[in-house]
Amino acid sequence: MKINKNYLNLNDSYLFSEIAQKVRDNSARNPEKDIIRLGIGDVTRPLVPAVINAMQKAVLEMSASDTFRGYGEEQGYAFLRHAIRGHYEKKGVTLNDSEIFVSDGAKSDLGNILDIFSADNTVLIPNPVYPVYVDTNIMSGRNIVYMNGNAGNNFLPLPDKNVNVKNINVDIIYLCSPNNPTGAVYNKDQLRLWVNYALENDAIILFDAAYEAFIQDTTLPASIYQIDGAKKCAIEFCSFSKTAGFTGTRCGYTVIPHELVKDRTSLNKLWLRRQTTKFNGVSYIVQRGAEAVFSGEGMTQIKKDIEYYLSNAGIIADALGSLGIWFTGGQNSPYIWLKCPKNMPSWDFFDYLLEKANVVGTPGEGFGANGAGFFRLSAFGSRENVITAMERFSRVVRELL
Ligand code: PLP
């Protein structure tokens, strides 16, 4: 009996446990302290009434034999795929319902999609990055090449002189926009460079659009399929988690266009085969809730929550601006990625902020080596907490400067 030894190559993920431990130690020493967490990437606003009503109605349907539902379609109920198609239509993207796959969230699909690709492929992953891309490829033993995000390219690496992709045969490219952790968003010209690069090099882009709902500037792409040619080279992953507060309810979707053919094989067909074998679908009740997100009422309600988080982001960005601190994100994203003041290492800044201001953020190193010296703040907290946290932040950073 042999295990998958690739798992032994994974780094233990200490980041969030180390943060939690430091916060616990600090609270134990100073029990009266009021600690505010701006580190978490989880939402705090409850599900909107349109979603709750739809799910309550679905629960009642499940209680009567003539409306009860057993196993659903593995690809997702037609009513939800149809609603998702309508959402894309509004962005100018025409899809067929059979190009949409409903799942229990983007994280599962981002990991599972690797099932349909050869383990020989070379993957290109930005650094810093959402750690799931790296770990899932380590688990399957793929060769990983990193592309550097840094202040010089505003944490938006491109297939140009900043990224040494010219001499490497890249097969799979990960892009995340709006980005976690940096909050940076590719514009259409930048995304076009990646689409053209993928088409020229017979590579595939795995495009993570989990934060697309935060895009307010309509000139920015909210789907990679807004770029010509993307249907021939990209898979898009999306989620109701941050769009509509489904982090605990669980629902997402992945788009694989029929035009996407690699190795003379339709990737849509391969994924359908994979999902029908290994996945039995998302609960009917949750899918009815997700459908309600796209109703007129649902959209109005979730937009209010997104505006709420974006106003929080604006408060954080204003405070950083007044302090003269370099940052990205915060405009079309719930994350703000800042340069630690006085070139402090990010764990030192974490300790300083926790000790002096009772505010918790996330040290950039947790997202890759290029995160060293940077720090992530999240706008998912309550307004009151964000205001207080940034008052304290400004005070202690001024002392430092
Ligand atoms: N992609 C990115 C970039 C994320 O930050 C997250 C969650 O934080 C996910 C995907 C996972 O989303 P889901 O809750 O749909 O699994």
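The values are calculated or read from the model by the stated rules, or taken from the named source; none is laboratory data. Bear in mind the structure is a predicted one, so any value in this text is a computation, not a measurement. Backbone-built Cβ (ideal geometry, glycine too); neighbour counts: all protein chains shown. The protein model used for the area step is the full one, side chains on, heavy atoms only, and it has no ligands, DNA or RNA in it. Shrake-Rupley method; radii C 1.70, N 1.55, O 1.52, S 1.80 Å.
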| Most mobile of Leu323, Leu310, Leu60 per a Gaussian network model of the chain (Cα springs, under 10 Å)? | Leu60
| For the chain, what is the accessible area per residue in Å² when the probe is 1.4 Å? | 44
| remark: A 1.4 Å probe over the protein heavy atoms gives the chain a carbon and sulfur accessible-area percentage of 50
| request: Using the Karplus curve 6.51 cos²θ - 1.76 cosθ + 1.60 with θ = phi - 60°, work out ³J(HN,Hα) for each residue of segment 82-87 in order, rounded to whole Hz, and write x for Gly and Pro. | output: 5, 5, 5, 4, x, 4
| said: For the ranges 220-232, 168-180, 73-85, what's the packing order if you count other beta-carbon atoms within 10 Å of each residue, average per peptide, and put the highest first? | reply: 168-180, 220-232, 73-85
| message | Explain nothing, just the number: dipole magnitude of segment 160-262 about its Cα centre with +1 on each Lys and Arg Cβ and -1 on each Asp and Glu Cβ, in debye rounded to the nearest 20. | response | 140
| Can you tell which of Gly141, Asn53, Pro31 lies farthest toward the positive end of the dipole of the chain, using +1 and -1 charges on the Cβ of basic and acidic side chains (Lys, Arg; Asp, Glu)? | Pro31
| message | Quick check on segment 308-368: what does the Kirkwood estimate of hydrodynamic radius come out to from the alpha carbon pairs, in Å? | response | 12.2
| Using only Cα atoms, what Kirkwood radius does segment 126-240 have, in angstroms? | 14.4
| remark: Any residue on another chain or 5+ positions along whose placed amide H is under 5 Å from the amide H of Cys176 is listed here as Asp208
| message | Amide H of Ile204 versus every other amide H placed in the peptide plane: which residues, excluding those fewer than 5 positions away on the same chain, fall under 5 Å? | response | Ile172, Ile173
| field | the chain: relative contact order in percent, alpha carbon pairs under 8 Å with at least 6 residues between | value | 23
| query | Give me the Kirkwood hydrodynamic radius of segment 281-346 in Å, from all C-alpha pairs, to one decimal place? | reply | 14.4
| For segment 11-87, rounded, prolate or oblate, judged on the Cα gyration tensor with a ≥ b ≥ c (square roots of eigenvalues), a/c < 1.5 rounded, else prolate if a/b > b/c? | prolate
| remark: Using alpha-carbon positions, the gyration tensor of segment 340-401 gives root eigenvalues a ≥ b ≥ c; with a/c under 1.5 called rounded, otherwise prolate if a/b exceeds b/c, else oblate, the class is oblate
| task | Assign unit charges at the C-beta atoms only (+1 for Lys and Arg, -1 for Asp and Glu), then state the dipole size of the chain relative to its Cα centre in Debye, rounded to the nearest 20. | result | 180
| said: Taking loop as defined by DSSP and a crowding limit of 16 other beta carbons within 10 Å, which chymotrypsin sites (Phe, Trp or Tyr not before Pro) in segment 300-401 fit? | reply: Trp326
| note | Across Asp25, Asp109, Asp208, the residue with the highest GNM fluctuation in the chain (Cα network, 10 Å cutoff) is Asp25
| query | Sequence-distant or interchain residues sharing an amide H contact under 5 Å with Gly252, placed H: which? | reply | Ser103, Asp104, Gly105, Phe240
| request: Please label the shape of segment 187-325 as rounded, prolate or oblate, based on the square roots a ≥ b ≥ c of the eigenvalues of the alpha-carbon gyration tensor (a/c under 1.5 means rounded; beyond that, a/b larger than b/c means prolate, else oblate). | output: oblate
| query | What aspartates and glutamates sit close enough to Lys91 to cross-link, taking a C-alpha to C-alpha distance under 12 Å and skipping anything fewer than 8 places away on the same chain? | reply | Glu212
| query | What is the spin-label model distance, in nm, from Tyr71 to Lys22 if the labels are put 7 Å beyond Cα along the C-beta direction? | reply | 4.8
| note | Here FRET efficiency (C-beta to C-beta, Arg398 to His82, R₀ 45 Å, nearest 0.05) is 0.25
| Which lysines have a Cα less than 29 Å from the Cα of Lys339, not counting those fewer than 8 places away in the same chain? | Lys22, Lys33, Lys107, Lys161, Lys188, Lys242, Lys356
| said: Apply the Karplus curve 6.51 cos²θ - 1.76 cosθ + 1.60, θ = phi - 60°, to the phi angles in segment 320-337 and return the couplings in whole Hz, x for Gly and Pro. | reply: 5, x, 5, 8, x, 8, 5, 8, 10, x, x, 9, 10, 7, x, 10, 10, 10
| With the chain treated as a Gaussian network of Cα nodes joined by springs under 10 Å, which of Ala20, Ala58, Ala28 yields the largest mean-square fluctuation? | Ala28
| remark: In whole angstrom, largest first, the equivalent ellipsoid semi-axes that the Cα gyration tensor gives for the chain are 34, 27, 20
